[in-house]
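Only one structure is covered here, and it is reproduced in the block below.
Any read-out appearing in this document is the output of simple, stated calculations on the displayed coordinates, not a laboratory observation. This is a predicted model, so every value here is computed, not measured. Positions of Cβ are generated from backbone atoms using ideal geometry, with glycine treated the same way; all protein chains shown enter the neighbour counts.
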Amino acid sequence: MAFGGLFGTSASSSPVPQQPKFDSETVATILEIQTKVQEEFAIGTAKTLVDHATEQCFTKCLKAPYSVNSSGLAQDNNCVESCLAKYLRSWNEISKAYVGRLQQQPPN
Amino acid sequence: MSTVSQEIQAKINSLSTNPEAIAQVNNIIQVEDQKFQIQQEIHNFTKLCFNNCVNINSSNILNPDLSVNENQCLTDCVGRYLDVNLQIVKTLQNSK
């Protein structure tokens, strides 16, 4: 997955074209599409977060054989709660580190 | 997930007589997709590095904060991962 993109040379999104002026209906449709697209990607991102955090916190908080009786469920729940908090803080930390790295060392 | 839903596709189709509008929409999708891909990478780093850096034990089980060492480990984990990524790309390029 060699990183490119975000700050890559040709990546700057095209400036809004000056010549073609769309009629208001077309502009409305374009904006509507943009909002929808952003929503769908946001849902995809949220789904990934839920999947990954579930896997991590399941692994770190519960032990086989996973019977309800084998571990105090209340304690599991507390563990999962703080695990998720740690996970979200980790996400922020990683995000900062990754973006910082991309900025200090442009691709190629 | 670089494909859009049928709902969006239908709206895009309604612009089909206007190639410039289509171009604009494609541009929007491309930009959003790029943001999405970067976020997915952050998700993947987080999963990998959280697994290796963050320990949950009886003494910190109820603590929502990360320790200083855990934070440092997360940052270093991303850095070393990208080093390895770069090294692999270089090695493959040289072996061509």
Let me know the shape class of the range B:6-94, please: from the alpha-carbon gyration tensor, a ≥ b ≥ c as square roots of the eigenvalues, rounded when a/c is under 1.5, otherwise prolate if a/b is greater than b/c, or oblate.
oblate
With a point put 7 Å past each Cα toward its Cβ, work out how far B:Asn26 is from B:Gln93 in nm, to one decimal.
2.9
If the reach is capped at under 20 angstrom between alpha carbons, list the aspartates and glutamates near A:Lys60, excluding any in the same chain fewer than eight residues apart.
A:Asp51, A:Asp76, A:Glu81, A:Glu93, B:Asp65, B:Glu70
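Among B:57-69, A:37-49, B:9-21, what's the highest-first ranking by average C-beta atoms within 10 angstrom per residue?
A:37-49, B:9-21, B:57-69
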If one builds a Gaussian network model of chain B from Cα atoms under 10 Å apart, the most fluctuating residue listed among B:Leu48, B:Leu82, B:Leu74 is B:Leu82
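Label the range A:22-104 by shape, choosing from rounded, prolate and oblate, from the square roots a ≥ b ≥ c of the eigenvalues of the Cα gyration tensor; if a/c is under 1.5 it is rounded, and otherwise prolate applies when a/b is larger than b/c, oblate when it is not.
It comes out oblate by the Cα gyration axes.
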Give the lysines whose C-alpha is closer than 21 Å to that of B:Lys35, dropping any in the same chain fewer than 8 places away, or say none.
A:Lys36, A:Lys47, A:Lys96, B:Lys47
